[in-house]
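Written out below as structure tokens is the structure these notes cover.
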Amino acid sequence: MTLRLLLVRHGLSSFNLERRIQGRDDLSELTAKGEEQAKQTGKALANLPLDAVYSSPLKRAASTTINLLSTREEGITPVFDKALMEVDLAPWSGLTPKEVENKFPDAYQTWQRNPIELILTKKDGTQYSPIKELIIQTKFFLNDLLKRHPIHQDQTVLVVAHNAILRCLVMELINMESHNFRKIKLDNASVSVFNILPNKNQKFSIQIECLNSTAHLNPSLPPQGEQARLILVRHGETDWNKQGKFQGQIDIPLNQNGIAQAEAARHFLSKENIDKCFSSTLSRPKQTAEIIMKSHPSVDIIEKEKLLEISHGSWEGKLEKEIKENWPDMLDSWKKAPASVHMPMGESIQEVWHRSVKCWEEISLSLAPKETALVVAHDAVNKTILCNLLGLSPEDIWMVKQGNGGVSVIDISVGSSKPDVVTCLNLTSHLGGIIDRTAAGAL
């Protein structure tokens, strides 16, 4: 049983277009482009049944909701919930970032570097913390949502809101520390997918199926700024993925579906400028990289041993039911507390974390501003890299989904005071839709 949450940021607004701060004031309206983005988002979600829709009542979000739902045949009445209103930045509303920086230099620097610590002053002279208040608001909304939609029922719920409130909702779902607010990105009309599953030991478990997908829009990836960019891809499907066998470091090649997935990823990324390419030394990521780089034939593929998949040791080549016969307790721990397990004759997830993150940092440092590198690796490797970027721990690897042929995008910080940003995570629209339909096989 799964409660699926679809999180959508409103389309392009008049203040977005003018680069003005919006906050909670209802001064900004959806532009014609924003309306079209909302309709494109509706079409991208058309095949997904919706059990409920919740929206911020602010005009830019409400209009997005109405335009999005206009593309569906079945009639759904949205609930406009004040708990989804945007962060209250009243003293800044209507100003450009440059105007705020000139008028409130210290507060603006706090907003850029550590938003959780921002303190603003209302017209009556009282001070308040916008993000701390927003986090409380987020908790209220999520608790209320889970009461209305119990996890033990299979339901899909759409939530349409704003940048800051949705970031806080993401942080609350994955138990992300509030100082990591700027480590994620949510673009206009983007779709993020979260699966909420029952868990005996906790209230629930969370899986990030997709974060900030703009694949249904034009351009299909958020524009790159002055920073370097890394595109992280998981290799295409193998027969062992399909069968659910633990591969680890056994060198299994792509099957025909995996080749097709790599071709789809190549087409999806064909318009991106890729300056460098790195791959694990195993054949399945190398094949995937070779296919994608057909669109960039002048770029060599550099193999990195540190990007090898986790060594499952004695588990490699076995199905889960076979492992359960000989290592039932260890398999159970691997599912519930992966950081506590050292594979028999293999590795621990901490060992994979250490080498994969070190390799990722080496690659990042090798890039000049505006350069883009493709990195093709494996499920566990990609999960450790993404968890590290999100400020999560080795214990959290099951929280991050990595579909065969899935694409993630990370933008490297220009200044040391800002974090690297997970711009997109596990995009699979090029494989048949926003929902990840790739093999759910073993690592």
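Values in this text are rule-based calculations from the coordinates and carry no lab data. Nothing here was measured: the structure is a model prediction, and the numbers come from that model. In this analysis, Cβ positions are derived from the backbone assuming ideal geometry, glycine residues included, and neighbour counts consider all displayed protein chains.
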Next item on the list: Pull up all non-local amide H partners of Glu303: gap of 5 or more, or a different chain, and H-to-H distance under 5 Å with H placed in the peptide plane.
Entry: Ser279
Margin query: Can you list residues from other chains, or at least 5 along the same chain, whose modelled amide H is less than 5 Å from the amide H of Glu29?
Written below: Ser14, Phe15
Check: If you take the square roots of the eigenvalues of the alpha-carbon gyration tensor of the range 132-212 and sort them as a ≥ b ≥ c, do you get rounded (a/c under 1.5), prolate (a/b over b/c) or oblate?
Finding: prolate
Notebook entry, point to check: To the nearest 10 degrees, how steep is helix 130-148 against the longest Cα principal axis of the chain, on a 0 to 90 scale?
Noted result: 70 degrees
Notebook entry, point to check: Hey, what do the phi angles of the range 271-276 turn into as Karplus ³J(HN,Hα) couplings, whole Hz, using 6.51/-1.76/1.60 and θ = phi - 60°, x for Gly and Pro?
Noted result: 8, 7, 7, 10, 9, 9
Note to self: Just to be sure I understand: with springs between alpha-carbon atoms less than 10 Å apart, which residue in Ile119, Ile412, Ile231 has the highest mean-square fluctuation in the Gaussian network model of the chain?
What the structure shows: Ile119
Checklist line | Share, in percent, of DSSP beta bridges within the range 229-431 that are antiparallel, nearest 5 | finding: 50 percent
Next item on the list: Give the range of the longest stretch in the chain that excludes all GluC sites (Glu not before Pro) found in loop regions by DSSP and having at most 11 other beta-carbon atoms within 10 Å.
Entry: 227-443
Next item on the list: Could you please state, rounded to a whole Å, how far the C-alpha centre of the range 318-364 is from the C-alpha centre of the range 395-443?
Entry: 19 Å
Note to self: Please list, ordered by chain and number, the residues whose modelled amide H lies under 5 Å from the amide H of Gln249; skip anything fewer than 5 residues away on the same chain.
What the structure shows: His312, Gly313
Next item on the list: May I ask you to list the lysines whose Cα is less than 26 Å away from that of Lys276, ignoring any residue fewer than eight positions away on the same chain?
Entry: Lys183, Lys185, Lys286, Lys294, Lys304, Lys306, Lys358, Lys370, Lys383, Lys401, Lys418
Notebook entry, point to check: So what J values fall out for the range 227-238 if you push phi through Karplus, 6.51 cos²θ - 1.76 cosθ + 1.60 with θ = phi - 60°, rounded to Hz, Gly and Pro as x?
Noted result: 7, 6, 10, 10, 10, 9, 10, 8, 4, x, 5, 10
Check: For helix 283-292, what angle does its Cα long axis make with the longest principal axis of the chain, in degrees from 0 to 90 and rounded to 10?
Finding: 50 degrees
Next item on the list: Between Lys418 and Lys82, with labels modelled 7 Å along Cα→Cβ, what's the label distance in nm to one decimal, could you check?
Entry: 3.5 nm
Next item on the list: Counting other beta carbons within 10 Å of each Cβ, put Lys336, Lys43 in order, fewest first.
Entry: Lys43, Lys336
Check: Counting DSSP beta bridges with both partners in the chain, what percentage is antiparallel, nearest 5?
Finding: 50 percent
Note to self: Only Cα pairs within less than 10 Å get springs; with that Gaussian network setup on the chain, which residue of Lys200, Lys185, Lys304 has the largest fluctuation?
What the structure shows: Lys200
Next item on the list: Whole Å is fine, so just give me how far the alpha carbon centre of the range 155-197 lies from that of the range 44-90.
Entry: 15 Å
Margin query: For a test of the definition: using alpha carbon positions, the gyration tensor, and the 1.5 limit on a/c, classify the range 3-213 as rounded, prolate or oblate.
Written below: oblate
Checklist line | Relative contact order (percent, whole number), the chain, Cα cutoff 8 Å, 6+ residue spacing | finding: 19 percent
